[in-house]
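Structure first, then comments.
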Amino acid sequence: MIAQLSGFRLGYDDSGDGLPVVFLHGFPHDRTLWSAQRTSLASRVRCIVPDLRGFGHSSTHGPFSMDQYADDVVELLNLLSIDRAAICGLSMGGYVATAMWRRHPDRIGAMVFCDTKAGADSEEARGRRDELIALVKRDGARAIAEAQLTGMVGSTTRARRIDVVNGLRAMMGRQPAAGIIGALQALRDRPDSRETLRTITVPSLVVVGEEDALTPIKEARAIAEALPPAARVRLEIIAGAGHVPCLERPAATTHALSDFFDTLST
């Protein structure tokens with residue numbers, strides 16, 4: 001589906017009934033990252049899966065920031081007449097979810113943080129973002145797909161699931177260069193969100209791949225420990241998965257999400 005929002009086009013899927021859940025992809029992905037979960041969970045919850053600005057079927061012009069991505073998602077919720085939703089964000093999608101909480105907490109009924117972290121980029125990481133921007137400008141999206149691929153999946157996936165590796169490479173390689181560059185700038189300049197975590201008062205789940213090298217288990221534990229008692233936080237570690245357990249171990253990830261969503265309707 002394509003939504004015509006304020007000055008830009010946003011691609012999304014909307015399937016299922018019940019509790020609305022928004023699934024936010026990471027960098028440099030599109031909404032197909034969550035295809036297995038959308039298929040499996042649509043019988044239990046309403047799955048709303050957008051392409052963030054600059055990715056997939058969404059428009060590629062800016063501005064690009066975590067706040068802008070968050071506002072885009074809320075505009076989609078307005079279009080769909082959804083007052084409150086659970087927000088499930090992986091990696092960059094987790095940063096967008098946190099920005100949504102800062103800007104629109106009344107629109108969020110629950111939070112899921114998948115393979116993400118709360119801190120801002122270090123100076124070294126900011127420099128790496130700039131190097132990647134230069135790489136994309138010079139060599140295009142396929143270059144960043146190769147640069148990101150090794151860290152994106154776990155060792156088990158690399159050894160046993162070449163289909164997942166190749167599928168992820170293709171997904172990353174087809175993203176528009178303008179969206180990738182804009183997202184890298186947004187990632188580089190995003191604020192530290194550790195204090196924001198302490199204000200979250202809705203039920204929260206933290207999910208992380210056991211083999212995640214980009215946002216390892218220690219980052220997931222830091223999020224879980226920062227969330228207040230009101231969040232009733234749960235932590236799920238997905239064995240045999242790296243940074244994208246929704247692709248690497250889809251059934252295990254779906255099970256963790258389903259169990260959590262079931263608690264929201266009781």
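Overview of results
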{"read-out": "Estimated distance in nm for a label pair at Arg142 and Ala230, the labels positioned 7 Å out from Cα along Cα-to-Cβ", "value": "5.1"}
{"read-out": "Under the Karplus curve 6.51 cos²θ - 1.76 cosθ + 1.60, θ = phi - 60°, whole-Hz ³J(HN,Hα) for the stretch 147-161, x wherever Gly or Pro sits", "value": "5, 8, 4, 4, x, 7, 10, x, 5, 5, 5, 4, 7, 10, 10"}
{"read-out": "The chain: antiparallel DSSP beta bridges as a percent of all, rounded to 5", "value": "25"}
{"read-out": "Cα gyration tensor, the stretch 148-217 - rounded (a/c under 1.5), prolate or oblate", "value": "oblate"}
{"read-out": "Three-way shape call for the stretch 131-266 based on the alpha-carbon gyration tensor, with the a/c threshold at 1.5", "value": "oblate"}
{"read-out": "Cα gyration tensor shape for the stretch 11-159, rounded if a/c is under 1.5, else prolate or oblate", "value": "prolate"}
{"read-out": "Over 33 Å [Cα-Cα, the chain], rounded percent", "value": "11"}
{"read-out": "Within a Gaussian network of the chain (alpha carbon springs, distance under 10 Å), most fluctuating of Ile82, Ile217, Ile237", "value": "Ile82"}
{"read-out": "Cleavage-rule hits (trypsin sites (Lys or Arg not before Pro)) in the stretch 168-266: DSSP loop, at most 16 neighbouring Cβ within 10 angstrom", "value": "Arg174, Arg198, Arg232"}
{"read-out": "Where the chain is the region considered: accessible area per residue in Å², 1.4 Å probe", "value": "40"}
{"read-out": "Solvent-accessible area, 1.4 Å probe, carbon plus sulfur percent, for the stretch 129-254", "value": "51"}
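The values are calculated or read from the model by the stated rules, or taken from the named source; none is laboratory data. Everything numeric in this text was worked out from a predicted model, so none of it was measured. All Cβ positions, even for glycine, are placed from backbone atoms using ideal geometry, and neighbour counts span all protein chains on display. Surface accessibility is based on the protein's heavy atoms, side chains included, excluding ligands, DNA and RNA. Shrake-Rupley method; radii C 1.70, N 1.55, O 1.52, S 1.80 Å.
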